[in-house]
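What follows is calculated from the coordinates using simple rules that are stated; it is not laboratory data. The structure displayed is predicted, hence computed values, not measured ones. Heads up, the Cβs are rebuilt from the backbone with ideal geometry, glycines too, and the neighbour counts pull from every protein chain shown.
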């Protein structure tokens, strides 16, 4: 255990933890926006998975990571439109429709991977940014200033989403639709339109989360997300539907994941206990959720379809 607490190992672990955090943070921020409007989307994991495959396939065929990222974003937007149609227009039970999207994406990615790819092939990595002299700062530079652009985008979206929700007219409408859609409707707010926009935007972020996860791995494999989307939904509750809280929960999960991987590589965790240890990040997140999340009230209209005049 003592060799874990060295300068090189600790900085590498924290740097990895930040990298692991980004996909969860992106997906959870997107889900926060959707839930704030009153829509629960349990299809996040499927959207991440199909977004990851779209990103991989375009990168695999063209070698263009920029175009691949656009494909991941577009996939998220399309699945968000499907989710919004079922949840907002058809008033389907949101939990069941979300699971339906997840199962659809899970089966579709398996089929497309076998038919279009077959043999897994790595794609070129997205290199870390060279931010002036900042990446040369001892310890801090290696941990925070040598990440790829998607990592910075994920953390930058935290204050951006906070500003949108609490400092803009659109954000006020989103919050109103999530708390009291009937009152919002009486004030002239188009509840369905706001919910559509929030779900599509949130799902687009989930597609980007899948793309980020794919680029972190550098190769696609079946069930790449391994329930990351469901963890992201839990992190929304952990963060009390606030971007800052969601970031704290995501960081907790990412850092714990990095520590577990580092302990496994150093032999601190015996091989026989490796599978059990791999569940530690999820267990810790759930325990934190139980102790923190229940102290806060969810949006009043969350998962409740709105029918005008009903």
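Restricting to Cα pairs below 8 Å that are 6+ residues apart, what does the relative contact order work out to for the stretch 1-97? Please round to a whole percent. Provide the component values of the computation, followed by the final result.
On the way: 62 pairs, mean separation 21.9, N = 97.
Once divided by the residue count of the stretch 1-97, the mean separation gives 23 percent.
Just rank 64, 185, fewest to most, by other beta-carbon atoms within 10 angstrom.
On the way: 64 13, 185 17.
With the sparsest Cβ surroundings first, the list reads 64, 185.
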> Most exposed first by the Cβ proxy, i.e. fewest other Cβ within 10 Å, how do 127, 205 rank?
Replying inline: 127, 205
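What's the ranking of 28-40, 149-161 by average number of surrounding C-beta atoms within 10 Å, highest first? Intermediate values should be presented prior to the final figure.
Values: 28-40: 29.1, 149-161: 18.2.
Per-residue mean Cβ counts within 10 Å order the peptides as 28-40, 149-161.
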> How would you order 214-224, 250-260 from highest to lowest mean count of nearby Cβ atoms within 10 Å?
Replying inline: 250-260, 214-224
>> Students often check this: by mean Cβ neighbours within 10 Å, which of 106-112, 11-17 ranks highest, and how do the rest follow?
In response: 11-17, 106-112
>> As a footprinting exposure proxy, order 308, 61 by other Cβ within 10 Å, with the fewest listed first.
In response: 308, 61
